[in-house]
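We did not get these values from a lab; they are worked out from the coordinates using the rules stated. Note that the structure is predicted; figures quoted are calculated from it, not measured. In this analysis, Cβ positions are derived from the backbone assuming ideal geometry, glycine residues included, and neighbour counts consider all displayed protein chains.
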Ligand code: RIB
């Protein structure tokens, strides 16, 4: 069945093509009787706008691409939903690509989004694969990099102060009297994880607490990774009495492992996470964590991109570093004497 065109609607309603176009796009006054007549014809024929034709004419698709490393991680699910909301409010559709932490899959999504002629992209990297990012640079479409540093000067950037967040998490445990403090990091090639570990080290050093490498275990930012890393920490010759976990998904897994090992949280072991995903306030005990400003990150990333798409800003030279906030809940307590 061939596609219904504006011409078909004009014939059905016995009006000019321009009148139909003005009714569809609301671009000038059309008398109510004629307007209703056209609307009845649109409905009767089942007219659907031809966005491909429209974008070929205008050169824009009013579509934003968003690539995230792991759509099952609630941090990315929450930031994706907010980006979609902010984009929709400003007339843009969002196409989500999940790279599954895989640079090879990430490059496929970059090609797909470019092939679909998205107007711009918000990009959260799966890892330090600079070559992937250069695809955007070669395509000249505006890009905003969020959450993870991509070492190029070709995009606006929206990050949080991860080092300060790691420092604040560790400082919270030190002020509760803990000195045997473990750390479960995310993947070693990701900037947020390494920056949080730097903050952990700075807080220990400032308090005169020796850094002990056997109390630092590498995780993968996922629940099972947190389980496995905590099991490894609990095998240490001297188990920690507090642990800073570099994201909430791993912290939830770490709590499960600690409980399975017969430890009460926080009486026997204090745990603090990072992100403040919705789950953090739903687990028992509720998770003390470092809150990332997820809504603010989403709003900045979307606004910076749309500023460039609408021509309100030409150069990609914005670098936004947002602050995190300590949220004290029930998974941390003063060290037992
Ligand atoms: O939970 C996923 C983690 O990876 C978050 O801390 C976020 O910062 C991202 O880098």
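How do 172, 246 rank when sorted from fewest to most other Cβ atoms within 10 Å of their own Cβ?
172, 246
For every helix of n ≥ 4 consecutive DSSP H residues, a contribution of -39,500 (n - 2.57) applies; sum these over the chain, divide by its total residues, and give [θ] at 222 nm rounded to the nearest 500 deg cm²/dmol.
-13500 deg cm²/dmol
Which of 68, 252, 38 ends up with the largest GNM mean-square fluctuation for the chain, with Cα atoms connected below 10 Å?
Taking springs between Cα atoms under 10 Å, the residue moving most is 38.
Using the Cα atoms as the points, what is the convex hull volume per residue of the stretch 6-49 in Å³?
57
Kindly express, to the nearest 10 degrees and within the range 0 to 90, the angle between helix 130-139's C-alpha long axis and the longest C-alpha principal axis of the chain.
20
Nearest 5 percent is fine: what portion of the DSSP beta bridges confined to the chain is antiparallel?
10
Which order do 136, 244 fall in if you start with the one that has the fewest other Cβ atoms within 10 Å?
136, 244
Only counting other Cβ atoms within 10 Å, I'd like 40, 119 sorted with the fewest neighbours first.
Going from sparsest to densest Cβ surroundings: 40, 119.
What fraction of the Cα pairs in the chain, stated in percent, has a spacing above 40 angstrom?
Everything past 40 Å amounts to 29 percent.
May I ask for the angle, rounded to the nearest 10°, between helix 294-309 and the longest principal axis of the chain, with both axes built from Cα atoms and the value confined to 0 to 90°?
Long axis of 294-309 versus the principal axis of the chain: about 40 degrees.
Is the shape of the stretch 162-292 rounded, prolate or oblate, going by the alpha carbon gyration tensor and its root eigenvalues a ≥ b ≥ c, with a/c under 1.5 for rounded and a/b larger than b/c for prolate?
It is rounded, given that a/c, with a ≥ b ≥ c, falls under 1.5.
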